[in-house]
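Written below as structure tokens is the structure these notes are about.
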Amino acid sequence: MKTRKRGRTPIEEAVSMIVEETKGPIETELRALADSAGYVLAGDVRAVLDQPPFTRSPLDGYALRSSDLNGAGREHPVCLPVSQYIPAGIISSGRLPEGTAARIMTGAPLPEGADCVIPQEDTDRGEHRAAFYAFIEPRRNVCFKGEDIKAGEILVFAGTRLDFTHIGILAGQGIRRVEVYKKPRVAVMATGDELLPLDKEPVPGKIYDSNGVMICARLRELGAEADLHPIKGDAPGELAAATERLLQEYPLVITTGGVSVGDRDYMPAVAEMVRARILFHGIAAKPGSPALAAVRNGRILLALSGNPFACIATLELLARPVLAKLSGESVWRQRQVRARLAGSFGKPSPARRFIRARLTGGLVSVPEKGHSSGSLKTLAGCNCLIDIPGGSGALAEGDEVKVWLF
């Protein structure tokens, strides 16, 4: 791949460059199914059982032959003897005799000979003899063996991040353990002489590091094992030594600050000092345009802006696809949708711009103020970024926009 060292790289191209250089997951582990939520499945899982495993009743009522209900109605009920009682978990004692009904509970196996179940609401709920006030067709109110899942079919495909629905499906098969990819490890390091760790008392002229803590929290939400490392000041040698150590241990290293073109923005020089090949320095979008990506021995260094919103926006745009590949997910591209703007956004966008927003249904709204790259407060409650093309004027209510989902 051609290395791009200078110039603004389009987001899509930047993402492709990083992902192409990212090595996918290698190590897997067997985990208890109940403890596998958030992990990515390493291989297809097939059904070992039909589901339902037997033909059963989906409701409380009476199992019987539909033909025995001919002519049944409120004015002319059909009365039949009740020959069996079948609660859930109990198999019928034998074939249902013709001209009789079986009292049956939800989830109980249908007795041989029965072809339908009439709800108890359409009966007098008799115990030894019951009156039926409606006619129903054969196969009504019956859950047939294997109608949901057939033994042998693939239930969950490799590369799927497991959630509660997958776990419920697999638990219904009696599967106790699954093979998953180990969660990727990510190192996070904030840089800058102005930063304080949270365990220090306030100092005039300094600010607490929110970026490092915030990035770690987001990475953990996305399924990574994120480690926050000590803040490093604006000293090239110290920064290079710390970055060198992290690139030896982690497949992905994320730094914040020191990536622009100021006198003390040393991360571009640090990337060269640690012999990392720079993929790009600068993206064609705001905020976070100074972002830098480099690779060394298959390990990715991603240096993001020190401005809090710029930092988290470029984390979503650039780091999230890398994390998806490291995690073993089959799809690493972020989901994008079209939506209509609720309200307006008055600023023109000479360059491509991403703004914080909240998508609800087909409408997307933006905070009234607080759109600077250094502001975090208005990010609370947002669940997406609106992608505004370069050269756009102010956005009006009802305009259609492209949305990148968190």
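Tabulated values for the structure
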{"item": "Residue in the stretch 3-14 that is over 21 Å from the mean Cα position of the chain (by Cα), on the phi > 0 side of the Ramachandran plot and modelled with pLDDT under 95 present", "result": "yes"}
{"item": "Single residue of Glu249, Glu221 found to be farther than 21 Å from Ser16 by Cα and modelled with pLDDT of 95 or more", "result": "Glu249"}
{"item": "From the options Arg8, Arg31, residue that is open to solvent by 40 Å² or more (accessible area, probe 1.4 Å), within 27 Å of Gly328 (Cβ to Cβ), in contact with a strand residue (DSSP E or B) (Cβ under 8 Å, 6 or more places away or on another chain) and of a type in the set (Lys, Arg)", "result": "Arg31"}
{"item": "Lone unmet requirement of (1) in contact with an Asp or Glu (Cβ under 9 Å, 6 or more places away or on another chain); (2) among the aromatic types (Phe, Trp, Tyr); (3) farther than 30 Å from Val253 by Cβ for Phe54", "result": "(1)"}
{"item": "Whichever residue in the stretch 295-312 is in a loop (DSSP other than H, G, I, E, B) and closer than 16 Å to Ile215 by Cα and, among such residues, is least open to solvent (accessible area, probe 1.4 Å)", "result": "Ser305"}
{"item": "Any chance Gly343 is out of contact with any strand residue (DSSP E or B) (no Cβ under 6 Å at 6 or more places or on another chain), surrounded by fewer than 20 Cβ atoms within 10 Å (Cβ to Cβ) and modelled with pLDDT under 95", "result": "no"}
{"item": "Contacts under 6 angstrom Cβ, first residue in the stretch 265-292 being closer than 17 Å to Val19 by Cα, partner in a loop (DSSP other than H, G, I, E, B) and of a type in the set (A, V, I, L, M), 6 or more apart", "result": "Ile283/Ala291; Leu292/Val259"}
{"item": "Selection count, the stretch 19-68, where residues are of a type in the set (Ser, Thr, Tyr) and outside any loop (DSSP other than H, G, I, E, B)", "result": "4"}
{"item": "Tabulated pairs, the stretch 78-93, first more than 11 Å from Tyr62 (Cα to Cα) and among the β-branched types (Val, Ile, Thr), second open to solvent by less than 60 Å² (accessible area, probe 1.4 Å) and in a strand (DSSP E or B), C-beta under 6 angstrom, 6+ apart or interchain", "result": "Val78/Phe132; Ile91/Pro109"}
{"item": "In the stretch 151-170, residue nearest to the chain's Cα centre (by Cα) [restricted to those that are in contact (Cβ under 8 Å) with a residue 60 or more places away in the chain and surrounded by fewer than 13 Cβ atoms within 10 Å (Cβ to Cβ)]", "result": "Asp163"}
{"item": "Qualifying residue in the stretch 280-294 (condition: farther than 24 Å from Arg320 by Cβ, open to solvent by 10 Å² or more (accessible area, probe 1.4 Å), of a type outside the set (Val, Ile, Thr) and at pLDDT 95 or above)", "result": "no"}
{"item": "Residue check for Ala14: in a helix (DSSP H, G or I), of a type outside the set (Phe, Trp, Tyr), farther than 21 Å from Arg139 by Cα and open to solvent by less than 40 Å² (accessible area, probe 1.4 Å)", "result": "yes"}
{"item": "Residue ID - modelled with the lowest pLDDT, chosen from residues in the stretch 85-114 that are more than 41 Å from the chain's Cα centre (by Cα), buried (at least 18 other Cβ atoms within 10 Å of the Cβ) and not in a strand (DSSP E or B)", "result": "Ser92"}
{"item": "Subset tally (residues that are touching a Phe, Trp or Tyr at 6+ places or on another chain (Cβ under 9 Å) and modelled with pLDDT of 95 or more) for the stretch 23-36", "result": "3"}
{"item": "Sole exception among (1) open to solvent by less than 40 Å² (accessible area, probe 1.4 Å); (2) in a strand (DSSP E or B) for Glu179, by number", "result": "(1)"}
{"item": "In the stretch 261-301, the residues that are at positive phi and basic (Lys, Arg)", "result": "Arg275"}
{"item": "Residue in the stretch 356-376 that is more than 20 Å from Leu315 (Cα to Cα), in contact (Cβ under 8 Å) with a residue 60 or more places away in the chain and of a type in the set (Gly, Ala, Ser) present", "result": "no"}
{"item": "Among residues of the stretch 353-369, those that are in contact with a Gly (Cβ under 7 Å, 6 or more places away or on another chain) and open to solvent by 40 Å² or more (accessible area, probe 1.4 Å), counted", "result": "2"}
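The values are calculated or read from the model by the stated rules, or taken from the named source; none is laboratory data. Just so it is clear, the model here is predicted, and its values are computed rather than measured. Every residue, glycine among them, receives a Cβ derived from its backbone with ideal geometry; neighbour counts consider all protein chains shown. With ligands, DNA and RNA removed, areas are computed over all heavy atoms of the protein, side chains included. Shrake-Rupley method; radii C 1.70, N 1.55, O 1.52, S 1.80 Å.
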